[in-house]
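The values are calculated or read from the model by the stated rules, or taken from the named source; none is laboratory data. The shown structure was predicted, so the numbers you read here are calculated from the model rather than taken from an experiment. Because the Cβ atoms are built from the backbone with ideal geometry, glycine has one as well, and the counts that use them run over all protein chains shown.
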Amino acid sequence: MNELILVLGGILAGVINTLAGNGSVITLSLCTEMIGLSPSVANGTNRLGILTQSISGTWNLHRHKKLNLDGTYRSIAVVSLGALFGIWIATQVSDENFKALYPWFLVFIFLVLILKPERWLKADENINHTEKWYVYPLYFLIGIYGGFIQIGVGVFYLAVMIMLAKKPWMRANAAKIVVTGIFTVFAVIIFQAKGYFDWHTALFLAIGQTVGAWLGVKYLNQYAGAHKVSYYILIVITGITIIRQFLF
């Protein structure tokens, strides 16, 4: 029964990641609230589904000749380096300390969801400015965050790429998918080696997330109402998980 719930939850997370982002809130909540994994193990276990989604997304972009990464390679390299550092930090934090930090990350993401920063992420597709020096420390910090906890990292990366580096949306989004896949390969390997990984749970979540991502791209992405429903589902699930983390 748990396996079915994991697949269905993974499908929901995959759809939401495609439509609204931050679907990891759902998979992490399933891992901690239903399966009973510690937040640190859930953090590692969640990465396999992220990896399969990234591979699927990259392949689809390539297949449709939309994988244009010109001008983004340095940002990808810097974020990946930062992520390696973030993954290392996550493996050094004790399970007890991670449990204490985890609810506050959820509060942070809840605020991000409420503020909806993506509404400011608008850029002319014809603009492609040369990146200023100050964006690289930000890329590195984003990488550290993504390596450490993952949730919401795509929004922060897009914010810097579009608002500060002035990259076209399509190119920035393609780079986001690729860089997430690159550092998640290392995350899966390292978290698994350090024992912060439950393969049984990860596999069923990954199956669901891959199917959900495919459904989101092929069918649901064309319905405007689907984005709104996804957003409210995320708000409710994040809120419930925060209450449970702080009160139970």
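Restricting TYR102, TYR73 to those that are touching a Leu at 6+ places or on another chain (Cβ under 9 Å), aromatic (Phe, Trp, Tyr) and farther than 16 Å from ALA213 by Cβ reduces the list to TYR102.
Of a type outside the set (S, T, N, Q), in a loop (DSSP other than H, G, I, E, B), out of contact with any Ser or Thr (no Cβ under 6 Å at 6 or more places or on another chain) and at pLDDT 85 or above - does that describe any residue in the range 26-37? Before the answer, list the steps.
Pass one, the range 26-37, residues of a type outside the set (S, T, N, Q): 26, 28, 30-31, 33-37.
Now restrict to residues that are in a loop (DSSP other than H, G, I, E, B): 36-37.
After this cut, where a residue has to be out of contact with any Ser or Thr (no Cβ under 6 Å at 6 or more places or on another chain) as well, the list is 36-37.
Filter again for at pLDDT 85 or above, leaving 36-37.
Yes.
Restricting to the range 140-170, and then to whatever is touching a Gly at 6+ places or on another chain (Cβ under 7 Å) and more than 25 Å from ALA13 (Cβ to Cβ), can you tell me which residue is modelled with the highest pLDDT?
Among those that are touching a Gly at 6+ places or on another chain (Cβ under 7 Å) and more than 25 Å from ALA13 (Cβ to Cβ), it is PHE140.
What is the residue count in the range 159-181 for residues that are surrounded by fewer than 18 Cβ atoms within 10 Å (Cβ to Cβ) and in contact (Cβ under 8 Å) with a residue 60 or more places away in the chain? Number of matching residues: 1.
If the condition is being in a helix (DSSP H, G or I) and of a type in the set (Val, Ile, Thr), then the range 136-162 contributes ILE142, ILE144, VAL153, VAL155, VAL160, ILE162.
Residues in the range 15-41 that are small (Gly, Ala, Ser) and either free of Cβ contacts under 8 Å to residues at least 60 places away in the same chain or under 15 Å from VAL112 (Cβ atoms) (or both): ALA20, GLY21, GLY23, SER24, GLY36. Cβ separations smaller than 8 Å between residues 6+ apart or across chains give the following pairs from the range 185-205 residues that are part of a helix (DSSP H, G or I) to residues that are of a type in the set (D, E, K, R) and surrounded by 15 or more Cβ atoms within 10 Å (Cβ to Cβ): ALA187/ARG47; VAL188/ARG47; PHE191/ARG47; ALA202/ARG47.
Just give me the residues in the range 144-158 being closer than 16 Å to ALA174 by Cα and surrounded by 24 or more Cβ atoms within 10 Å (Cβ to Cβ), in sequence order. Once the filter is applied, which keeps residues that are closer than 16 Å to ALA174 by Cα and surrounded by 24 or more Cβ atoms within 10 Å (Cβ to Cβ), the range 144-158 yields VAL153, TYR157.
Of the set (1) in a helix (DSSP H, G or I); (2) surrounded by fewer than 23 Cβ atoms within 10 Å (Cβ to Cβ), all apply to LEU69 but (1).
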